[in-house]
């Protein structure tokens, strides 16, 4: 029995009682589809097998040691790299860990994670065509947070585009599902800028644009930065001033705005130049 067939049988047994989120579709169709994407992309048999097994550690009783026993250390390590290691962490921290590891990940690890995310988006796209925006209701986090996650993955993978063909396909699918590789529209970004001193006064508009959650996160992170990371905030303020952004100098307002800018930059994965562009466009509202 070859390694791919062995992985198919193992995954089918491991996922036998599971379904795709809020559907009656057997869960194992997802890892099988990931394996097919990797096969079409001419990946090695070991990568294809690991793609088929990629959710066994994270979502079944299978352990890393089980995979070493049945498939060897190489495939087990690839599956582990594609798994979320600590489910007790918040959604943001778990997703950020995946994004961060892509920057220095080995190509074989990137191949599996890219195929996984690509098939997830293909499934979401198909559901959107049938069920429309109600599709997002079956996720723990809605469209805005999902857009942030998938866009951040694409941006992290950008330097590796020429190494693996599915990275370009993933970027294309992100644009099809979310409309843009940018996480939010300029109007939505402007609305978030009005929350720099707190979001209470904009609750209705934030709710209308499904931005309440992300605005709350930004305000909380900005407050933490302002109170605990003065050096970083001051450096950012100096950078914005050097680029031509004017601030009132008779209060803590500039530092609060700089902290909010850092929080927004981190969330949006902006470069310093992109942050400056949005700051300049919204300067009169601050």
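The values are calculated or read from the model by the stated rules, or taken from the named source; none is laboratory data. Here the structure is a predicted model, which is why all the values come from computation and not from measurement. Cβ atoms come from the backbone with ideal geometry, glycine included; neighbour counts cover every protein chain shown.
The condition (being over 17 Å from the mean Cα position of the chain (by Cα), in a helix (DSSP H, G or I), in contact (Cβ under 8 Å) with a residue 12 or more places away in the chain and not assigned by TED's automatic domain parsing to the domain that holds residue 259) is satisfied by just one residue among 170, 166, 128: 128. Every test in (1) closer than 21 Å to residue 16 by Cβ; (2) assigned to a helix (DSSP H, G or I); (3) touching a helix residue (DSSP H, G or I) at 6+ places or on another chain (Cβ under 6 Å) is passed by residue 78 save one, and that test is (1).
Per-residue answers, yes or no, for (1) modelled with pLDDT of 90 or more; (2) more than 23 Å from the chain's Cα centre (by Cα); (3) surrounded by fewer than 17 Cβ atoms within 10 Å (Cβ to Cβ):
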{"position": "18", "(1), (2), (3)": "no, yes, yes"}
{"position": "25", "(1), (2), (3)": "no, yes, yes"}
{"position": "31", "(1), (2), (3)": "yes, no, no"}
{"position": "34", "(1), (2), (3)": "yes, no, no"}
{"position": "44", "(1), (2), (3)": "yes, yes, yes"}
{"position": "68", "(1), (2), (3)": "yes, yes, yes"}
{"position": "82", "(1), (2), (3)": "yes, no, no"}
{"position": "88", "(1), (2), (3)": "no, no, yes"}
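Here's the yes/no breakdown for (1) assigned to a loop (DSSP other than H, G, I, E, B); (2) within 21 Å of residue 94 (Cβ to Cβ); (3) modelled with pLDDT under 95; (4) in contact with a helix residue (DSSP H, G or I) (Cβ under 7 Å, 6 or more places away or on another chain):
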{"site": "120", "(1), (2), (3), (4)": "no, yes, no, no"}
{"site": "136", "(1), (2), (3), (4)": "no, yes, yes, yes"}
{"site": "183", "(1), (2), (3), (4)": "yes, yes, yes, yes"}
{"site": "188", "(1), (2), (3), (4)": "no, no, yes, no"}
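Of everything in region 51-73 that is in contact (Cβ under 8 Å) with a residue 12 or more places away in the chain and not in a helix (DSSP H, G or I), the residue that is nearest to residue 12 (Cα to Cα) is 53. For region 254-286, the set of residues classified as without any contact (Cβ under 8 Å) to a residue 12 or more places away in the chain and over 27 Å from the mean Cα position of the chain (by Cα) consists of 284 only.
Every test in (1) surrounded by fewer than 16 Cβ atoms within 10 Å (Cβ to Cβ); (2) under 23 Å from residue 90 (Cα atoms); (3) touching a helix residue (DSSP H, G or I) at 6+ places or on another chain (Cβ under 7 Å); (4) not assigned by TED's automatic domain parsing to the domain that holds residue 264 is passed by residue 210 save one, and that test is (4).
Just one of (1) outside any loop (DSSP other than H, G, I, E, B); (2) buried (at least 18 other Cβ atoms within 10 Å of the Cβ) fails for residue 201. It is (2).
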